[in-house]
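Here's the structure we're looking at; comments come further down.
The numbers here are math on the coordinates, done by the rules we state, and not lab data. On a predicted model such as this, the values are computed, not experimentally measured, just so you know. All Cβ positions, even for glycine, are placed from backbone atoms using ideal geometry, and neighbour counts span all protein chains on display.
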Amino acid sequence: MKIDKYIDNTLFENIKQEVISSGLIVSICDTNGLFLKYNNYQTTFCKKCEESNICPQCARENIFAIEESMRFGEVYIMNSHTSLIFLALPIMINQEVIGGLLTTRIMPYESRELFEDEKYILEKSIPIINSEQLNKIRDNLFGIAIKFNLVNESYFKRKKDINIHESNIANVIHKKKDNLINNKYILYHYREKELISKIQSGDKRAAVNILNEMLVRVYSDPNEKFEIIKVYVTELLVIISRAAIEGGTSSDRLWGMNYSFLYELGSVDNQVELTHWLVRVLENYIDEVSKTKYVKNRMKSIIDYIYENYKNNIRLEEISFKANLSASHFAHEFKRETGMSFISFVNDIKLKKSTELLMSTNLSIIQIAIELGFSDQSYFIRKFKSKYGVTPFEYKKISKRKI
């Protein structure tokens, strides 16, 4: 069934009114991720959508968010290419997905500094929501979907139960490991640190060799039940993913990979297939570690570039292009690497330099602002006072008094 025949204007209005009580608006999309109901509201804050109501990237994000919501059995929170986030649920008839229910794009409270133009946020009325509010909205949206019979509640409950079960696997494995007294597993555990080291260094060949030796130990008992062997192999998956996280790879990314691999493991029914499966998993994780190292190296060169060019009007779009990343991906990686947003980092460099100029030159406040590339004097003074607690003039006066 087509989504526009299932949800008419009256039903959409009723859904919209329920969601508006949370401070958000909603849109409906079809199975291609294309919006059907804008209802005279802008919901994506994407320039392509503003021009034509169609953006391939927004459509791909919508499809992915709906699929992930189905996979995890709950409302999915998705990062958008506009550096905003949104919530998504599938619209279902029984177990068939016929479209998606999506909230307007939202700015997380913690990410508001990523936007250079404060006026844009105000003009577009972008909702700014903290994590506590987001959790409440997520629960509310699912309740609304149930109320209007938009999702298959039993399907979602089953999927969520599976996820909870999978999250407990590590604890079960840990208990099993503590009970091991058989010497055949001594080498298996002894090589664990060495395997982790090879994964983190990106040495694929050495890691595969160590993994094969560990598997020989696991397979050595002909009386061992295959299901028990799969438990030890699942433990190896935990070891491999932990090594990748310690190597700098995003835990969010690995969680999705873990879920996918564990799902595949359920259908493996012989040792040969199990070995091939685990080697493929290992190689995938090492590739993720290598990608992360590449991004880190790129980020280091970008930071060096910022220090050399901080006086210029460096924009997020320009610097993310130089890093060969999308603006939202770059902003995320940059903050993960430095602990600061891109704008805060650049301003911090400028403000530190401004204290040197205040003390070592006779430049006026406006001259220093221009010299350091601030957009205007008032913005410079406001940022300076926010960082140091006093205005630049007061800072200079106090510092001279101390000399």
At 1.567 mPa s and 4 °C, Stokes D of region 3-160 from Kirkwood alpha-carbon radius, µm² per second: 83
Inter-label distance for residue 17 and residue 364, nm, one decimal - labels placed 7 Å from Cα along Cα-to-Cβ: 6.0
Average Cα contact separation per residue, region 343-402, under 8 Å, 6 or more apart, as relative contact order %: 29
Members of 160/204; 47/296; 47/335; 198/300 lying beyond 27 Å, as alpha-carbon distances in this model show: 160/204; 47/296
Amide H within-cut-off set for residue 129, under 5 Å, with H built and near neighbours excluded: 107, 109
Region 3-160, relative contact order [Cα under 8 Å, separation at least 6], %: 24
FRET efficiency, 1/(1 + (r/R0)^6) with R0 35 Å, evaluated for residue 71 and residue 131 via beta carbons: 0.95
Of all DSSP beta bridges in region 3-160, antiparallel share, percent nearest 5: 90
Amide H contacts of residue 80 (H built 1.01 Å from N, under 5 Å, at least 5 apart or other chain): 85, 86
Inter-centroid distance (Cα atoms) of region 55-95 relative to region 333-393, Å: 39
Residue 283-residue 153 pseudo-label distance in nm [points 7 Å out on the Cα-to-Cβ vector]: 4.7
Estimated D of region 343-402 in µm² per second, where Rh is the Kirkwood radius over Cα pairs and Stokes-Einstein applies at 20 °C, 1.002 mPa s: 189
Taking only Cα atoms of region 290-380, radius of gyration then Dmax in Å: 14.6, 49
Around residue 88: net Lys/Arg minus Asp/Glu count, Cβ-Cβ under 10 Å: -3
Two-site label geometry, residue 296 and residue 378: point separation in nm, points 7 Å out along Cα→Cβ: 4.4
